[in-house]
Structures are given as C-alpha cells and as structure tokens.
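A.B. asks: Can you read through this structure? Questions will come right after.
The values are calculated or read from the model by the stated rules, or taken from the named source; none is laboratory data. Just so it is clear, the structure is predicted and the values come from calculations on it, not from any experiment. In this analysis, Cβ positions are derived from the backbone assuming ideal geometry, glycine residues included, and neighbour counts consider all displayed protein chains.
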Amino acid sequence: MSELTQLYKLQRIDLKIQEDRKALNEILHELMEPEVLVAARIELENQRQLLLKTEKKRKEQDWQGKELKEKADKLEKDLYSGRVKNSRELANLDQELKSVNVKLRAAEDELLELMEREEELDALVKADSLQLRTMEQDWQQKREGLLEREQEIENSMGHLVKERRGLASAINPQIFKLYEEIRERKGQAVVTIAQGQCQGCRMLLSTREQQQVKGGNLVQCSSCGRILFSG
C-alpha cells in the first residue's frame with residue numbers, strides 16, 4: 001500500500017471518527033430528559049398540590065358547616081322548647097338563629113363548590129397521571145434505543161481508533177506530522193482530484209501537478225495546501 005493510499009485511508013478513518021463523535025454528541029443531547037416531559041411532571045405535581053389544598057379546605061368547610069348546623073339545631077330547640085318565656089330573649093334567639101342559618105347556607109354553598117372543584121381536580125390529576133405515564137414509557141423506550149446506539153458507536157470508535165493507531169505507525173513520521181498539521185488547520189488533509197480540480201478548494205490543478213499525483217508523489221494543492229490523491 002502506497003503512502004498516499006495509507007494517508008487517504010487514514011483520512012477516511014478520521015472522518016468516520018469525527019462523524020461518530022458528532023453522532024455521540026447528538027445522542028448525549030437527546031438523552032437529556034425532554035422539556036415537555038419535565039413540564040408535564042411539574043404541572044401534575046402542581047395539580048396534586050392544588051387537589052390536596054382543596055381537599056383540606058373542603059374538610060374544614062364541612063367541619064364548619066357541621067358546627068353551624070349543631071348550633072342552629074340547639075338554637076331552634078331552645079327557641080321552641082318553651083323553656084324561654086321572656087319575649088326579648090325569644091326575639092334574641094330568633095335573630096341569632098336567622099344569622100346562624102344564613103352562615104350555614106353560605107357554608108353549604110361553599111362546601112358544594114369545593115366538592116365540585118375537588119372532583120374536577122381529581123379527574124384532571126388522574127388524566128394527567130395517565131398521560132405522564134404514557135410519555136415516560138415512550139421516553140424510556142426512546143432512551144433505551146439511544147443508549148443502545150451510543151454503545152454501538154462507542155464500539156465502532158474503539159475499533160477505528162485501534163485501526164488508526166496501527167495505520168499511523170506505518171506512515172513516515174514527517175509525512176504523518178504534515179498530515180496532522182493540515183488536518184488541524186483545514187479539517188480534511190487529503191482530498192481527491194476530479195475533472196482536474198482539487199476537491200478541497202475546487203481550484204483547477206496544473207497538468208504537471210496531476211501527473212505528479214498520478215505518479216504516486218506527495219503533492220500539496222498550490223491553492224489550499226491539502227494533500228492530493230488520485231484514487
């Protein structure tokens with residue numbers, strides 16, 4: 001295998017390694033939990049907290065309603081028991097009973113609203129929980145696929161790096177140094193010739209340059225400095 005062919009093969013390995021590294025970076029980005037999933041989890045937790053608060057308020061309201069009912073029953077019993085004879089006291093009892101009944105009706109109305117709200121929130125939490133479980137299952141399935149793909153690429157890169165090391169050791173050190181310097185500057189050190197043009201910068205090559213490349217000589221493009229390869 002000629003030195004130019006070795007360089008070209010080395011270039012292909014480097015490009016594949018570069019491609020694999022890019023793919024790994026993309027996978028690492030994709031492995032981050034999706035924002036929509038995070039948002040759905042936060043929203044569900046907010047709904048759960050609101051449900052708990054509503055449930056607590058409903059229980060407090062229920063307890064307050066029961067206290068008012070007990071008080072109203074007691075006042076009504078005192079009012080109609082016949083034990084109170086004084087007309088002023090009776091009038092006071094009647095007025096207090098009316099006031100308690102007003103508060104009781106208001107408490108019952110609020111309790112009903114809280115019960116309806118609690119029922120709505122409970123249904124919403126159940127629906128959102130189901131949706132979140134589906135989203136998490138889909139994400140888990142996708143994540144497993146990404147991890148599998150990540151492992152495949154890492155294995156591929158391991159073989160490529162090993163192959164590159166062996167190939168690089170067989171190339172003349174000075175030529176390998178030149179290759180690395182050009183690759184660092186240009187990204188791609190070895191390019192082919194097509195229709196008399198350098199495929200790195202698309203500049204037309206002289207007949208002499210083309211003949212030298214075909215003869216197996218190491219030739220750099222006079223325009224971009226890349227190493228030319230005829231294939």
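A.B. asks: Looking at GLN210, is it touching a Gly at 6+ places or on another chain (Cβ under 7 Å) and touching a residue at least 60 places away in the same chain (Cβ under 8 Å)?
C.D. replies: The answer is no for GLN210.
A.B. asks: Oh, and also: For the range 183-192, state whether one or more residues are closer than 19 Å to ILE17 by Cα, among the basic types (Lys, Arg) and surrounded by 13 or more Cβ atoms within 10 Å (Cβ to Cβ).
C.D. replies: Yes, because at least one residue in the range 183-192 is closer than 19 Å to ILE17 by Cα, among the basic types (Lys, Arg) and surrounded by 13 or more Cβ atoms within 10 Å (Cβ to Cβ).
A.B. asks: Taking the condition within 16 Å of TYR8 (Cβ to Cβ), at pLDDT 95 or above and not assigned by TED's automatic domain parsing to the domain that holds GLU3, does LEU160 pass? Before the answer, list the steps.
C.D. replies: On the way: within 16 Å of TYR8 (Cβ to Cβ): yes; at pLDDT 95 or above: yes; not assigned by TED's automatic domain parsing to the domain that holds GLU3: yes.
In short, yes.
A.B. asks: Please identify the pairs in which a residue from the range 75-101 that is closer than 18 Å to GLY65 by Cα has its Cβ atom under 9 Å from the Cβ atom of a residue that is small (Gly, Ala, Ser), counting only partners at least 6 apart or on another chain.
C.D. replies: Sorted first by the residue in the range 75-101, then by its partner, the pairs are LEU97/ALA72; VAL100/ALA72; ASN101/ALA72.
A.B. asks: Oh, and also: Can you report the number of residues in the range 59-74 which are more than 17 Å from ARG105 (Cβ to Cβ) and touching a residue at least 40 places away in the same chain (Cβ under 8 Å)?
C.D. replies: So the count comes out to 0.
A.B. asks: Right, next: Looking at LEU167, LEU178 in this structure, which one is part of a helix (DSSP H, G or I) and either touching a helix residue (DSSP H, G or I) at 6+ places or on another chain (Cβ under 6 Å) or among the aromatic types (Phe, Trp, Tyr) (or both)?
C.D. replies: Of the residues listed, the single one that is part of a helix (DSSP H, G or I) and either touching a helix residue (DSSP H, G or I) at 6+ places or on another chain (Cβ under 6 Å) or among the aromatic types (Phe, Trp, Tyr) (or both) is LEU167.
A.B. asks: Let me ask something else. Residue check: is LEU178 touching a Leu at 6+ places or on another chain (Cβ under 9 Å) and buried (at least 16 other Cβ atoms within 10 Å of the Cβ)?
C.D. replies: Details: touching a Leu at 6+ places or on another chain (Cβ under 9 Å): yes; buried (at least 16 other Cβ atoms within 10 Å of the Cβ): yes.
Here the answer is yes, as LEU178 does meet what is asked.
A.B. asks: I would also like to ask the following. With closer than 17 Å to LYS53 by Cα and in contact with a Leu (Cβ under 8 Å, 6 or more places away or on another chain) as the only criterion, which of LEU112, LEU121 stands out?
C.D. replies: Step by step, each of LEU112, LEU121 is checked, and only LEU121 is closer than 17 Å to LYS53 by Cα and in contact with a Leu (Cβ under 8 Å, 6 or more places away or on another chain).
A.B. asks: Give just the number: which of (1) of a type outside the set (A, V, I, L, M, F, W, C); (2) at negative phi; (3) surrounded by fewer than 16 Cβ atoms within 10 Å (Cβ to Cβ); (4) not in a helix (DSSP H, G or I) does ARG202 not satisfy?
C.D. replies: (2)
A.B. asks: Output the number of residues of the range 205-220 satisfying the condition of being assigned to a helix (DSSP H, G or I) and loosely packed, with under 12 Cβ neighbours inside 10 Å.
C.D. replies: Restricting attention to the range 205-220, the residues satisfying the condition of being assigned to a helix (DSSP H, G or I) are 207-214.
This time we only want the ones that are loosely packed, with under 12 Cβ neighbours inside 10 Å, so: 207-208.
The qualifying residues number 2.
A.B. asks: Condition (residue is at pLDDT below 95, within 15 Å of VAL190 (Cα to Cα) and touching a strand residue (DSSP E or B) at 6+ places or on another chain (Cβ under 7 Å)) applied to the range 14-33: is it met by at least one residue?
C.D. replies: No: zero hits.
A.B. asks: Take the residues of the range 72-93 that are surrounded by 14 or more Cβ atoms within 10 Å (Cβ to Cβ) and of a type in the set (Asp, Glu): which is nearest to ARG58 (Cα to Cα)?
C.D. replies: Result: GLU76.
A.B. asks: Restricting to the range 61-103, what's the tally of residues that are modelled with pLDDT of 90 or more and of a type in the set (Val, Ile, Thr)?
C.D. replies: Adding up the residues that qualify gives 2.
A.B. asks: Ok, one more. Within the range 29-45, track down each residue that is under 15 Å from LYS126 (Cβ atoms) and either in contact with an Asp or Glu (Cβ under 6 Å, 6 or more places away or on another chain) or of a type outside the set (D, E, K, R) (or both).
C.D. replies: ALA40, LEU44
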